[in-house]
Amino acid sequence: MNDVKNSAAGAAAGNAEGKPELTDSMGMNYLVSLPKRVVSVYVPLFVFVVVLLFPFYWMAITALKPDAELLSREGNPFWVQNPTLAHIKKLLFETAYPDWLWNTIVVSVTSTFLSIFCSVLAAYSIERLRFRGSRYVGMSIFLAYLVPPSILFIPLAAMVYKLNLFDTRLALILTYPTFLIPFCTWLLMGYFKSIPIELEECALIDGASRLQILIRIILPLAVPGLISAGIFAFTLSWNEFIYALTFISSSEVKTVPVGVVTELVEGDVYHWGSLMAGALFGSLPVAILYSFFVEYYVSGLTGAVKE
Amino acid sequence: MTVLAPHQTALSRALDNRTVLGLLFMLPAATLLLLFLTYPLGLGTYLGFTDTKIGRNGVWVGIENYQYLWGDAVTRLALFNTLFYTFVASIIKFALGLWLALLLNKHLPFKAFLRAIVLLPFIVPTALSAIAFWWIYDSQFSIISWALMRMGLIHEYIDFLGQPWAARFSTIAANIWRGVPFVAITLLAGLQTISPSFYEAASLDGASPWQQFRYVTLPLLTPIIAVVMTFSVLFTFTDFQLIYVLTRGGPLNSTHLMATLSFQRAISGGSLGEGAAIATAMVPFLLAAILISYFGLQRRAWQQGAADK
């Protein structure tokens, strides 16, 4: 984020001096001629963007096509001749889709808040209280982050049966933090590290307790980190598939990804229109949320990878 | 008051102790992680040595599961598929991701907007974008086949998911589509930390663009490449959603990965023990990937003269 701001500021300063080609962010780019730039940069970039976005366009267009157009090889498939809302109507009123949407929201929001709560305390404890062995705890948090759900779902399924949590939302709310907490803790540790320790020392001298310091000083300063961790955790739990597929069997408790994949496919007849509408509406909430917080999301993604 | 005072001071003294307070703060996270991550990790390993079925406790059978799986053609095929899938997809994701990162690092109009839309495939649920790919790969109404037919390149529709090798490459293509944005955006963050003055110096010394990339960009980017590729390999090796939605392992088990096979054996088939053994068999490969990148990273840091941290 800072890089972006710096380069923007640099560009602005350069413009003011009337020689933008010498700003930092341009480097030696002014040596490259325009036609060469078009071929080497804009054309490949355009192809990348088209390929990356095409499936979304295809989802949207398929959701609006009447069956006759979907199952025909004639005409131009890239456009809709007679758009219809029939598939969306079927999805919203004849399937349990609204239930799935509600379940996904409940599970994602609850597990996100639970994870953020645990992670804030854990990250503060590891990064700032520095109790004996905190380094090893920090290391093991990072290792926990590397444990993939694909190797945990079988023993977790056995536990979920034993705990009588099978087919409940609670099973998901309790298991999602296993991949959310390591990630959020790791991210927040980085943010807490960047807050000057002097602030804390001042507060300690003024007689504040550690809990007061955490709530009154650290958390307000770490708001960007909290937003990053929250957005990231929310999208991760929204997208989760294997646990929801394994621990849930009744239609009314399913989440959107699992519901769309398992319930909208009936035998050999694929209702492509409704399937695509389901995929689109399941993707939109995260896409919209993401569009508001892109910078936070990207800094969360890159912050977690950079040490 | 005076009676309570010693008690209060004892409590507040305890709370001032870093270790006591530190452990207290760790408690919620540690409870959840130990209960639902560490314990299942151990339980999974144990289950792999038993003949547990769904709804029936198993008995210890030693390495019988592993012996059976070693002789099982489907498991061997799944191992081959997983390695092939991971290897091919990771290399192409790295190449395309690095290329896209270099493009996005250029001085562009709408840079922030471009970066935002490029990351879209990574943030939407994989299971749902896989459904879009399912339709794109449809044997009768595939848009790719339609376009190729129109261009006169093929004469009949391609059965993307119906033939073993076609299905392998189709699933790899979908995996690449989803993974490239992650690689590109994280590498872009690494590129932005490289000071432009290096390129200015190199270009004044007469370095060609390729030489600048080879001798400036690549060495400075290596640490972050190692981390990004470790994550990419981990995600790809343990992939489940894409295969489950697109092919369920078919045709003829040609796209089964270890994860989908363990799901099929454990949950659909009910043999928890056998499934757990397959899942546990993935661990050595994951550890190898992590260790290779860790030591690769260390060597690099040491070469660049970094002090011990």
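Each value in this text was obtained by applying a stated rule to the coordinates, not by laboratory testing. Predicted model only: the values in this text are computed from it and were never measured. Cβ coordinates were reconstructed from backbone atoms using ideal geometry, including for glycine residues, and neighbour counts include every protein chain displayed.
A compact table of results
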| read-out | value |
| --- | --- |
| Exercise: per-residue mean of other protein chain Cβ atoms within 10 Å, B:135-142 | 4 |
| Range of Cα positions in segment A:73-164 per principal axis (Å), largest first | 70, 35, 25 |
| Gain in span if fully extended, residue B:292 to residue B:83, counting 0.36 nm per residue against the direct Cα distance | 73.7 nm |
| Distribution of pairwise C-alpha distances over chain A, 20 Å bins, in % | 24, 46, 28, 2 |
| GNM result for chain B, Cα springs below 10 Å: residue of B:176, B:194, B:290 fluctuating most strongly | B:194 |
| Residue-averaged beta-carbon neighbours from other chains (10 angstrom radius) around A:139-149 | 4 |
| Where labels lie 7 Å past Cα in the beta-carbon direction, separation of residue A:284 and residue A:204 in nm | 5.2 nm |
| Peptides ranked, highest mean first, by Cβ atoms within 10 Å: ranges A:220-231, A:202-213 | A:220-231, A:202-213 |
| Distance histogram in 10 Å bins (all Cα pairs of the protein assembly as shown, percent per bin) | 3, 14, 24, 26, 19, 10, 3, 1, 0, 0 |
| Per residue, the convex hull volume that the Cα atoms of segment A:185-307 enclose (Å³) | 142 Å³ |
| Proxy reagent accessibility, fewest Cβ within 10 Å first, across B:36, B:198 | B:198, B:36 |
| Ellipsoid semi-axes in whole angstrom, largest first, where each is sqrt(5λ) of the Cα gyration tensor of chain B | 40, 36, 20 |
| Inter-chain Cβ neighbour average for residues B:49-58, partner chain, 10 Å | 1 |
| Taking B:138, A:67, B:205, B:239 and counting other C-beta atoms within 10 Å, the order from fewest to most | B:205, A:67, B:138, B:239 |
| Listed residues B:295, B:87, B:133, most fluctuating in chain B (Gaussian network, C-alpha, under 10 Å) | B:295 |
| Packing-based order for A:120-129, B:115-124, A:38-47, B:245-254, using average beta carbon neighbours within 10 Å, highest first | A:120-129, B:115-124, B:245-254, A:38-47 |
